[in-house]
Amino acid sequence: MTKSYVNSKNMMKFLLGSALGILMFLVPIPQGDSFTTLLDFVKSFLKDLFGASLNYILVVIIVGSAVLTVYDYICKPDWIRKNHYLSKAFCSTPLYLVSKILGAVFIVMVVFHVGPEYITSVDTGATMADLCATLFCIVLGFSFFLPFLTDCGIMEFLGVLLKPVVRPLFHVPGRASIDLIASWFGASNAAVILTREQYMKGFYTKREAGYIMTNFSIVSIPFCLLIANTVGISSLFPPFYLCICVVGVILAVVLARIPPIRTLPDTYQEQVGKQINEDVPQQTSLMNYALESSCRRAESFRLKNVVSGGMEVLMGMYFDLIPIVISWGTIVLMIATYTPLFQWISYPMGLYLQLFGVEEAFAVAPATLIGFTDMFVPALLITGVSAVKTKFIIGVLSLVQIIYMTEVGAIIIKSEIPLNFIKLFIIFMERTLIAIPLIVLFANLVL
């Protein structure tokens with residue numbers, strides 16, 4: 001007789017542990033005219049707690065990471081190479097070594113206000129320093145809570161129940177719905193990190209993880225409201241957000257079936273292999289198997305694993321990811337702010353917008369491409385535009401493009417998913433070109 005994992009102990013782990021994870025990441029909490037999550041409250045609390053000292057903490061982390069990575073690259077000491085946590089944080093390739101050194105230089109210049117303005121201004125380095133401060137608090141807030149969401153059984157439970165819908169529609173496991181909800185109410189970078197951790201544990205293939213990161217990691221509802229307010233169409237927020245959802249789903253369905261997503265290897269992380277099974281056995285009800293799967297997962301959950309897993313995420317994010325984010329993000333924003341590059345390359349996009357009858361097409365054309373650098377910049381570029389429908393179109397477009405290098409792009413590239421800069425740009429352009437006629441059609445119907 002097959003062993004059943006459904007017992008009182010495993011049920012308690014599943015219900016209580018998952019409830020804590022859901023409360024932290026997924027439950028919307030009212031905040032003024034909008035809402036947020038408990039994770040966002042923790043992030044804000046930590047930012048207030050650290051205050052001005054947060055910038056100096058970043059200096060220590062980023063400069064320390066650069067120094068130890070250089071030391072490891074030259075000397076290859078055993079105390080780093082043979083330590084699981086330290087090797088992940090400081091063993092690096094030449095590209096990432098140079099990136100960490102640049103990140104150290106940039107953060108010192110920004111925090112201590114030295115060097116040229118094109119590096120330290122609020123449009124470039126200062127923006128990235130603030131983003132890294134936010135990322136620092138998000139990672140600190142969720143590193144030790146993430147296992148409650150991923151390891152207590154809720155992802156297995158929803159995965160089995162939602163697979164009949166999610167798998168044929170998006171070609172991903174049912175558990176991917178958690179990633180969507182995490183970004184929907186919380187933050188897209190948190191959802192990307194969640195997906196990366198699930199891939200590393202053998203629950204997604206490379207193709208599935210890459211697809212989820214580039215299609216499911218939408219920005220949160222509060223940020224959508226911020227964009228609507230910034231471009232001056234907050235009164236249109238219901239159709240504005242409905243358009244984001246409809247176009248986002250259509251894009252997700254289409255991109256699952258075309259390159260480069262379709263051509264990614266459909267293989268699991270080599271060291272752990274496949275760890276997922278959402279196929280319901282014959283003569284077993286969907287609900288019973290969902291409960292069995294969740295309790296089987298909960299049985300292996302231990303609090304000591306929360307600490308070790310949290311430390312691994314913390315070390316990787318702080319000493320490996322944040323230095324890369326500030327170096328690449330600052331360079332990208334310098335190009336976007338202080339060079340006419342986006343004006344030059346956006347001319348074809350002006351013709352494309354004009355083809356669909358978008359007013360002030362060439363004036364807003366740079367905003368269609370500059371979103372590749374940062375998700376907030378397009379909204380700032382179109383504040384002077386007078387046509388409400390054009391504001392609506394570009395505002396929605398900036399929120400369904402998803403591939404923002406300063407927000408999630410660097411995290412994706414730094415993961416083990418085979419998506420490089422070129423592939424991410426191709427996906428960005430696919431989303432942009434497919435989305436524009438859909439958004440224009442929707443705008444013509446509702447405005």
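The values are calculated or read from the model by the stated rules, or taken from the named source; none is laboratory data. Computed from a predicted structure; not experimentally measured. Reconstructed Cβ throughout: ideal geometry from the backbone, glycine too, with neighbour counts over all protein chains shown.
Some points to look at:
One line per residue, one yes/no per condition, for (1) in contact with a Ser or Thr (Cβ under 7 Å, 6 or more places away or on another chain); (2) without any contact (Cβ under 8 Å) to a residue 12 or more places away in the chain:
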residue: GLY310; (1), (2): yes, no
residue: MET315; (1), (2): no, no
residue: PHE319; (1), (2): yes, no
residue: PRO323; (1), (2): yes, no
residue: GLY329; (1), (2): yes, no
residue: VAL332; (1), (2): yes, no
residue: ALA336; (1), (2): yes, no
residue: PRO340; (1), (2): no, yes
residue: SER346; (1), (2): yes, no
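- Here THR134 does not fit the description of being modelled with pLDDT under 85, surrounded by 21 or more Cβ atoms within 10 Å (Cβ to Cβ) and out of contact with any Pro (no Cβ under 8 Å at 6 or more places or on another chain).
- Selection count, segment 249-269, where residues are small (Gly, Ala, Ser) and either free of Cβ contacts under 8 Å to residues at least 40 places away in the same chain or surrounded by fewer than 14 Cβ atoms within 10 Å (Cβ to Cβ) (or both): 0
Okay, residues lined up against (1) of a type in the set (A, V, I, L, M, F, W, C); (2) under 17 Å from the mean Cα position of the chain (by Cα); (3) part of a loop (DSSP other than H, G, I, E, B):
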residue	(1), (2), (3)
ALA129	yes, no, no
ALA133	yes, yes, no
ILE138	yes, yes, no
PHE144	yes, no, yes
PHE148	yes, no, no
LEU158	yes, no, no
ARG167	no, no, no
ASP179	no, yes, no
ASN189	no, yes, no
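- Picking from residues in segment 414-443 that are free of Cβ contacts under 8 Å to residues at least 40 places away in the same chain and part of a helix (DSSP H, G or I), the one that is farthest from LEU135 (Cα to Cα) is LEU441.
- Listing of helices (runs of 4 or more DSSP H) fully contained in segment 249-355 that carry 3 or more residues being more than 28 Å from PHE90 (Cβ to Cβ), at pLDDT 85 or above and in contact with a Phe, Trp or Tyr (Cβ under 7 Å, 6 or more places away or on another chain): 286-299
- The residue that is surrounded by the most Cβ atoms within 10 Å (Cβ to Cβ), counting only those in segment 228-248 that are in a helix (DSSP H, G or I) and among the small types (Gly, Ala, Ser), is ALA228.
- Residue in segment 377-400 that is out of contact with any Cys (no Cβ under 9 Å at 6 or more places or on another chain), aromatic (Phe, Trp, Tyr) and in contact (Cβ under 8 Å) with a residue 12 or more places away in the chain present: no
- In summary, helices (runs of 4 or more DSSP H) completely within segment 1-120 and bearing 3 or more residues that are surrounded by fewer than 14 Cβ atoms within 10 Å (Cβ to Cβ) and of a type in the set (A, V, I, L, M, F, W, C) occur at 53-75.
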